[in-house]
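Colleague: Provided herewith is a single structure, encoded as structure tokens, for subsequent inquiry.
No value in this document is a laboratory result; all are computed from the given coordinates. A quick note: this is a predicted structure, and the numbers were derived from the prediction, not measured. No Cβ is skipped: glycine too gets one built from the backbone with ideal geometry, and neighbour counts run over all protein chains shown.
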Amino acid sequence: MSDERELEDLLAEARRRLGPEPREGAPEAAAAPEGPAAAALAAAAAAEAAVAQRSAATAPAPHEGWLRLRTAGVLTSRLVDLKLSDPVGTGILLLQAPLIGLCVGVAFDGESYATRALQFVLAMVAVWLGTFSACREVVKERLIFLRERRAGVPVRAYLLSKVVVLAFFSVVQCLLLVLTVSRSVVFDDAHPVTVFCALLATCLCANALGLLLSAAVKSQNSLIALVPVALIPQLIFSEAILGDAGEAVERIELAMIASWSYDVLHELPKDDPSWATVLGGFAVLFAFQGVMLLGSALLLRAQDE
């Protein structure tokens with residue numbers, strides 16, 4: 001506002017010094033204005049140019065955010081159509097959760113949820129479901145992605161469409177898992193809803209891990225070799241398996257999704273759970289998710305350079 005007022009003052013001063021504008025049909029001035037009038041006019045023009053340049057530099061691109069969201073919506077709709085067009089593959093993806101839940105129910109039939117082994121198994125199942133659901137999403141359509149990038153499709157819109165659809169699958173899978181396990185396991189003080197929330201946060205984080213793996217490879221054969229490398233350490237480096245380990249091992253555990261998920265699941269059935277531990281575990285899982293999605297975006301940007 002101050003820039004605009006300054007510009008108006010300078011233009012008014014220039015008009016005053018130049019005198020009234022010539023009427024239509026009047027002969028043109030023989031020479032350009034000189035002296036103080038010319039200086040005032042030059043100052044006004046410079047101020048106008050500066051304000052215009054500053055406005056152009058600070059003004060956001062028109063509707064850029066809306067266009068990105070609209071693109072993500074179109075990509076999400078297309079991905080949903082692709083999932084629906086493959087009912088067998090989509091059905092197998094969704095049936096994993098209840099089938100694994102049945103296996104867990106048979107193994108821990110009649111036992112309490114407070115069993116440490118059960119808590120760790122549930123954490124690993126959530127990591128597996130999330131990673132497996134997402135690990136093929138990018139690499140299987142790599143050529144399509146590169147073509148769409150050349151057409152101007154933003155990486156953020158592309159990733160957002162994947163995250164939205166995978167999140168829906170994660171909700172369904174975790175719900176089916178908890179419902180199936182709850183038929184055989186006694187949840188005690190751990191409410192199934194809180195267990196569902198913990199498993200969902202784990203699954204969403206594992207979705208991001210799967211997308212990162214998918215963006216890091218150029219073929220599905222390479223992906224097959226990479227997924228076990230990412231998942232087996234989740235199984236090994238955990239307090240549920242190793243107990244009180246050395247300092248070096250504990251540092252590695254801090255980088256494991258399953259380890260943080262287990263900490264949350266282990267805290268829930270206690271009479272007086274530490275909500276700092278629970279909320280801290282959720283925060284770390286979502287932070288892991290953000291970091292891995294950022295890594296996926298950087299890898300995807302590097303592919304089209």
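Colleague: Quick one: dipole size for the stretch 65-303, taken about the Cα centre, charges +1 on Lys/Arg Cβ and -1 on Asp/Glu Cβ, in debye to the nearest 20. Present the calculation step by step, with values, prior to reporting the outcome.
Modeller: On the way: 18 positive and 18 negative charges, 370 e Å.
That gives the stretch 65-303 a dipole magnitude of about 1780 debye.
Colleague: State the Cα centre-to-centre distance between the stretch 257-305 and the stretch 155-218 in whole Å.
Modeller: Measuring centre to centre over Cα atoms gives 12 Å.
Colleague: Next question, about the same structure. For the pair Val291 and Ile236, what calculated FRET efficiency results from E = 1/(1 + (r/R0)^6), where r is the Cβ-Cβ distance and R0 = 30 Å, to the nearest 0.05?
Modeller: Step by step, r from the Cβ atoms, then E = 0.90.
Colleague: Provide, as a two-decimal number, the C-alpha radius of gyration of the stretch 157-211 over 2.2 N^0.38 Å, N being how many residues it has.
Modeller: In units of the globular-protein estimate, the stretch 157-211 measures up at 1.28.
Colleague: Under a point spin-label approximation (7 Å from Cα along Cα-to-Cβ), what is the Arg183-Leu143 distance to one decimal in nm?
Modeller: Taking the two extended label points, one gets 4.4 nm.
Colleague: Between His191 and Ser222, what's the calculated FRET efficiency when r is the beta-carbon distance and R0 is 51 Å? Round to 0.05.
Modeller: Efficiency, rounded to the nearest 0.05: 0.75.
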